[in-house]
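The values are calculated or read from the model by the stated rules, or taken from the named source; none is laboratory data. Owing to the predicted nature of the structure, the values given are computational and were not obtained by experimental measurement. As a convention, Cβ positions derive from the backbone with ideal geometry for all residues, glycine included, and neighbour counts pool all protein chains shown.
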Amino acid sequence: MRKPIIAGNWKMNKVRDEALNFIYTVNQSVPSDEEMDTVICAPDVLLRCLVKRQGDYLKIGAQNMHYEEKGAFTGETSPLVLNDTGVKYVILGHSERRQYFNETDELVNKKVHAAYKYDLIPIVCVGEHLEQRENNTTNQVVEAQTKKALEGISAEQVKDIVIAYEPIWAIGTGKTATADIANETCGYIRSVIKELYNEEVEKSIRIQYGGSVKPGNIKELMEQEHIDGALVGGASLDAESFIQLTNFKKL
Ligand code: 13P
């Protein structure tokens, strides 16, 4: 049995007071970490104040990081600093990073290695553009992204990783992939994991779906065989909506 993981990706949203109000509202209402993992990935400047106030169950994640510990990399965040801040997760290779900041699969791979070095759990994003979906090349795209991201990562390490399948055409568009489509591609990613590692890893690795997830569609998505969680943008910004997402079993 894979433990569900529901993560909010706030992207570049919220000032400190909004973030604190959110965390005070949500802390008491997320399920226990025995039942599922719940995460909020916030902008860097908010991380320390959120970690300080995180309750017993909700964990805090970052949305990106550099792969070097320190150096002349103006404007970047060190994985060592994230670790020192008490951050537990880090999103790597989000499609917005790939699209607007030219992140490549090679770079994502370096960051995945750095995450392990600094004890952070990577949430590695993969996903296709609309044209790729229409050309029937989705599987090739997510396979290549997954293989490159995991290059040099051992079977022991990879068990902890979270992969987020986020079709780019479904992000922020209100167009959710149908549960069938999402499940099929998550299943394909799982088969790639089996090919790269073994059956044990294939069965244990957690794969999230992301792209216009909201309280109204999370239950159906979470019922799918290969979907173990969700990476949620817009619908994670509102505390009540996030509480509903994490309590999807009761919806
Ligand atoms: P939306 O839920 O707003 O579509 O964003 C998805 C996403 O990019 C999460 O990382």
note = Across the stretch 162-184, the tally of residues that are within 16 Å of the ligand (Cβ to nearest atom) and without any contact (Cβ under 8 Å) to a residue 60 or more places away in the chain stands at 14
ask   = Somewhere in the stretch 34-42, is a residue over 17 Å from residue 229 (Cβ atoms) and more than 16 Å from the ligand (Cβ to nearest atom)?
value = no
task = Scan the stretch 99-145 for residues that are free of Cβ contacts under 8 Å to residues at least 24 places away in the same chain and under 25 Å from residue 40 (Cβ atoms) and jot them down.
result = 100, 101, 103
request  = Go through the residues of the stretch 75-82 one by one and say whether even a single one is surrounded by fewer than 20 Cβ atoms within 10 Å (Cβ to Cβ), assigned to a helix (DSSP H, G or I) and at pLDDT 95 or above.
outcome  = yes
key: Near pairs, Cβ below 8 angstrom, 6+ apart or cross-chain, from the stretch 30-59 (under 13 Å from residue 89 (Cα atoms)) to any residue that is outside any strand (DSSP E or B) and among the aromatic types (Phe, Trp, Tyr)   = 38/57; 40/10; 40/22; 40/242; 41/10; 42/10; 43/10
task = Output the number of the condition that residue 43 fails; it satisfies all remaining conditions of (1) at pLDDT 95 or above; (2) over 16 Å from residue 233 (Cα atoms); (3) out of contact with any helix residue (DSSP H, G or I) (no Cβ under 8 Å at 6 or more places or on another chain).
result = (2)
request  = State all residues of the stretch 185-222 that are away from the ligand (no atom under 16 Å from the Cβ), under 21 Å from residue 6 (Cβ atoms) and not in a helix (DSSP H, G or I); if no residue qualifies, say none.
outcome  = 205
